[in-house]
Amino acid sequence: MINGKTAYLKKLTSRMKMQSVDVGKELEGSTPPSVFIGSWNYPKVYAGPMIAPLQGDTTIMDTPESWIPQEKTQEDIIGYRLNLVRGKQLVGIRDLENNFVEKLQEISLASNSIDSAAEFGNKPRGLSFSDEHAPHGPSALIQKFDIDSVKWDHELEKTYYDSDLKASDALMDLHNKDVPFSNMQKAFSVGAMGVGKRRRLVPTRWSITACDSTIADHLLKEVRYNDLIDSHRVYEFSSLNNYYAILLLPLEWQYEWMEAFLHVLNREELIFSDYEENSGKKGYSRVGGCYYTCKMAVLEELTRMKKQAGAIVLREAYNGYVPLGVFNVRENVRHAMNQPYQEFEDMKSALNYISTKLKLPMDRFVKQSDLLKELLQSRQTTLDAFIPK
C-alpha cells in the first residue's frame, strides 16, 4: 500500500513517459508571460522565465482560467505546458534588485506575451509534473536573458507601486477587480506586492496556496455574517478525467474535501481527505494545496450569493488522470458552482443522488470521512442507508 497522497502522486508522475519540446542552447520565442520559482535550497531558489519556442501570442499556455471554459482537453493542456522551456538562475529570495529578478517582475506584471531570447549553459532537458503546479517542459541554467519592452497590466502596476499595501490586502483588491488568479499569483511569487521591506520571492507552489488560502480566509470572514441557505444543494461537473460533487448544507460554515483515485495506476482505490469545523483549521492540510483551492472556489460562490453553508466536496479521478496542478481543482469547482444545482429536502436524499454519479460506493467516502460521518451520526443516519439493497 502506498503511504500518503504525496508518495502516491510521486509514483504516478514517475511513470509518465512523455516528450517535452526539443530546443538547443539558444532560444528565441515568447513568454506567455510565465515565470517559475522553485523551492529547493530555500532561501536561495532557482527562479526564471518560461519561454515557448514560438513567436507571437502564447498567452493560452499559462492561463488556466481559460482552459475549462474553452473545453481544452488534457492533451491540449499538456501540449501547452510541455512546450514551455524553463530557464533558471540561483537567486536569494530578497535579492529583488538583481537585474535578472527585475526582468522576472516585468514579465509577471505584463498584460500580454513578450518576445524573449535566452542562452542556456546546457541544452534544456526533462519535464515536470506535480499536483501543486502546472507541468512544464525542459529546464536548464540560463546564462543570458533579454526581453522586449513590456506593457504592464494596469491593476498589477498599481499594486506594485503601492509599497505600503499589505500583500493580503493587495490580493483581495485584485480579486475584487476580477484579475485572473494566475496573474495575481505570479505577481505575488516574484515579490511584486506587499509592504516594501517585506517583499520577497515566493516559490511557485507555495505562492499558489498562499493566494488561495489568503483569499479564502478573507471571503470566509464575510460569509460568516450571511444567512444560511434554505435547502440541501448539489453542484457537479466533470472534466479532465475527474468528477466533482459539491454538497452545500444549510449549516454554519464547515468544510470537508475528499478525493478518490480510482484505477489510475493499477487497480487501486484510494481516498484522501481533510476537513475543518466552524472554528477553522490549524496547521497545513494533509492533502496539500487542493484543499485550499477548493475552499476558495466554494467561498467565492457563497460570497456572490450572499449566503452561508457547510460544504462537503467529493472528487473522483479516473484512469487516464494526469496531475496538472491545483488549477484543475480550482477551475473545475468554480465551473461546478456556476452550473444549475439540484435541490433536496435532506442530506440523505442529496447523498443518495450523488451516489448515483460516483463509481466508488458512497459508504467508502463516509467511512473515510470525519465531518460527513459526524453529521450523519448527529442525524442518526447509518451507513446502511447508502448500501444498495
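The values are calculated or read from the model by the stated rules, or taken from the named source; none is laboratory data. No experiment lies behind these values; they were computed from the predicted model shown. So basically every Cβ, Gly included, is an ideal-geometry build from the backbone, and we count neighbours across all protein chains shown. Only protein heavy atoms, including side chains, enter the accessible area calculation; ligands, DNA and RNA are left aside. Shrake-Rupley method; radii C 1.70, N 1.55, O 1.52, S 1.80 Å.
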Can you confirm whether segment 214-235 contains a residue that is among the small types (Gly, Ala, Ser) and part of a helix (DSSP H, G or I)?
yes
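So that you can scan it fast, the table gives a plain yes or no per residue for (1) in contact with a Ser or Thr (Cβ under 6 Å, 6 or more places away or on another chain); (2) modelled with pLDDT of 95 or more; (3) over 19 Å from residue 252 (Cβ atoms); (4) not acidic (Asp, Glu):
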position	(1), (2), (3), (4)
301	no, yes, no, no
306	no, yes, no, yes
310	no, yes, no, yes
314	no, yes, yes, yes
318	no, yes, yes, yes
331	no, yes, yes, no
338	no, yes, yes, yes
Close pairs (8 angstrom Cβ cut-off, 6 or more residues apart or separate chains): more than 17 Å from residue 317 (Cα to Cα) in segment 71-82, assigned to a helix (DSSP H, G or I) and of a type in the set (Val, Ile, Thr) anywhere
80/60
Here the residues within segment 173-197 that are at pLDDT below 95 and open to solvent by 40 Å² or more (accessible area, probe 1.4 Å) are 197
Answer with yes or no whether residue 112 is within 22 Å of the chain's Cα centre (by Cα), surrounded by fewer than 22 Cβ atoms within 10 Å (Cβ to Cβ) and not basic (Lys, Arg).
yes
For the condition under 26 Å from residue 15 (Cα atoms), out of contact with any His (no Cβ under 8 Å at 6 or more places or on another chain) and part of a strand (DSSP E or B), what is the one hit in 72, 88, 144?
88
What strands (runs of 3 or more DSSP E) completely inside segment 240-348 contain at least 3 residues that are in contact (Cβ under 8 Å) with a residue 24 or more places away in the chain, of a type in the set (A, V, I, L, M) and under 18 Å from residue 230 (Cβ atoms)?
242-249
I'd like to check something: does segment 14-29 contain any residue that is touching a Lys or Arg at 6+ places or on another chain (Cβ under 7 Å), open to solvent by 80 Å² or more (accessible area, probe 1.4 Å), touching a residue at least 12 places away in the same chain (Cβ under 8 Å) and of a type in the set (Lys, Arg)?
yes
Give segment 318-327 a look and list any residue that's in contact with a helix residue (DSSP H, G or I) (Cβ under 9 Å, 6 or more places away or on another chain) and more than 20 Å from residue 214 (Cβ to Cβ), or say none.
320, 321, 322, 323, 324
Which residue pairs have Cβ atoms under 6 Å apart, sit 6 or more places apart or on different chains, and have a first residue in segment 141-158 that is open to solvent by less than 100 Å² (accessible area, probe 1.4 Å) and a second that is hydroxyl-bearing (Ser, Thr, Tyr) and in a strand (DSSP E or B)?
147/116
